[in-house]
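**Q** Here it is, the structure in full.
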Amino acid sequence: MEQFVPQVSDTDVERIIQRDFPQDEHEEIRGLIRTLEVREKPRVVLACLKNAAGDITKFKYYLSEASGYYRE
């Protein structure tokens with residue numbers, strides 16, 4: 001049985017940044033995302049953003065653990 005994998009785009013990532021994080025953190029978040037090198041990057045970043053729930057400190061932590069996310 002195949003597991004459903006959502007289709008996520010950079011537009012989705014930007015929408016969540018705008019929705020969940022303060023305006024003054026947006027550029028820092030985008031910079032962190034640009035440095036990330038993982039498979040299925042938009043999906044992984046979206047998972048990190050959602051797990052962080054608007055907390056940039058948590059977002060940085062989740063990004064540091066992101067290399068294994070594509071499998072989950």
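The values are calculated or read from the model by the stated rules, or taken from the named source; none is laboratory data. Everything numeric in this text was worked out from a predicted model, so none of it was measured. Positions of Cβ are generated from backbone atoms using ideal geometry, with glycine treated the same way; all protein chains shown enter the neighbour counts. Accessible surface areas use protein heavy atoms only, side chains included; no ligands, DNA or RNA. Shrake-Rupley method; radii C 1.70, N 1.55, O 1.52, S 1.80 Å.
**Q** Of all residues in the stretch 40-59, which are outside any helix (DSSP H, G or I) and not acidic (Asp, Glu)? Before you say what the answer is, go through the steps one by one.
**A** At the first step, the residues of the stretch 40-59 found to be outside any helix (DSSP H, G or I) are 40, 53-55.
Within the stretch 40-59, Ala53, Gly54 meet the criteria.
**Q** From (1) hydrophobic (A, V, I, L, M, F, W, C); (2) more than 12 Å from the chain's Cα centre (by Cα); (3) open to solvent by less than 50 Å² (accessible area, probe 1.4 Å), pick out the condition that doesn't hold for Leu63.
**A** Going through (1) hydrophobic (A, V, I, L, M, F, W, C); (2) more than 12 Å from the chain's Cα centre (by Cα); (3) open to solvent by less than 50 Å² (accessible area, probe 1.4 Å) one by one, Leu63 breaks only (2).
**Q** Here are the criteria: (1) modelled with pLDDT under 95; (2) exposed (fewer than 11 other Cβ atoms within 10 Å of the Cβ); (3) not in a loop (DSSP other than H, G, I, E, B). Tell me which single one Val5 does not satisfy.
**A** (3)
**Q** Which pairs turn up if I take residues in the stretch 25-45 that are surrounded by fewer than 12 Cβ atoms within 10 Å (Cβ to Cβ) and look for partners that are in a helix (DSSP H, G or I) with beta carbon separation below 6 Å, at least 6 apart in sequence or on another chain?
**A** Every condition considered, the pairs that remain are Arg39/Tyr70.
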